[in-house]
Amino acid sequence: MAARRGRGWARGAAAFAAVALAVGAGWRYGWDGASAVAAFREARGALGPWAAPAYVAAHALTLALCPPYAIFFEGAAALLFGFLPGVACVFSAKVLGASISFWIGRSPRFSYLIVFSRLSLCCVPGYFVCA
């Protein structure tokens, strides 16, 4: 039990250090909120009408596979599309991601993903295919 608790602190410290490094790099290189929003909107403009479907597909895949960074997609939706279109994209991605997760969990072909989900950092017992 103590070893498990120690790993949790180590993961938390690593996450804190990563965020601190990102903030420090932002201050050092002059990245501010307005330029970040402009960069996100510029990337959306490059995809044209395919920006929303590409976002929904990428976010649904991250929700289904459960990596630790999936939450950042939800914050980026408002920056990319605005509030209401962003809510619609996130809702669509969550429904699609839940459907993909259900399909993965019920399919015998993807039984190797059970091992992957047990190793994932964000997998919580009772969520996805964890036991």
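For the stretch 54-67, filtered to residues that are in contact with a Cys (Cβ under 9 Å, 6 or more places away or on another chain) and not in a loop (DSSP other than H, G, I, E, B), the residue that is nearest to I104 (Cα to Cα) is H59.
Would you point out which residue out of A20, A25, A38 is within 20 Å of Y69 (Cα to Cα) and modelled with pLDDT of 75 or more? Break it down into steps so the answer makes sense when it comes.
On the way: A25 fails: modelled with pLDDT of 75 or more; A38 fails: within 20 Å of Y69 (Cα to Cα).
Selected residue: A20, the only one of A20, A25, A38 that is within 20 Å of Y69 (Cα to Cα) and modelled with pLDDT of 75 or more.
Within the stretch 53-67, being hydrophobic (A, V, I, L, M, F, W, C) and more than 11 Å from the chain's Cα centre (by Cα) holds for A54, V56, A57. Considered as a group, the residues in the stretch 68-112 that are under 14 Å from the mean Cα position of the chain (by Cα) and not in a helix (DSSP H, G or I) include one that is surrounded by the most Cβ atoms within 10 Å (Cβ to Cβ), and that residue is A70. Taking first residues from the stretch 43-59 that are in contact (Cβ under 8 Å) with a residue 40 or more places away in the chain and partners that are hydroxyl-bearing (S, T, Y), the Cβ contacts under 8 Å between residues at least 6 apart in sequence or on separate chains come to V56/S92.
The set of residues in the stretch 45-67 that are farther than 23 Å from F102 by Cβ and either surrounded by 16 or more Cβ atoms within 10 Å (Cβ to Cβ) or of a type in the set (D, E) (or both) comprises A51, A52.
The values are calculated or read from the model by the stated rules, or taken from the named source; none is laboratory data. On a predicted model such as this, the values are computed, not experimentally measured, just so you know. Every residue, glycine among them, receives a Cβ derived from its backbone with ideal geometry; neighbour counts consider all protein chains shown.
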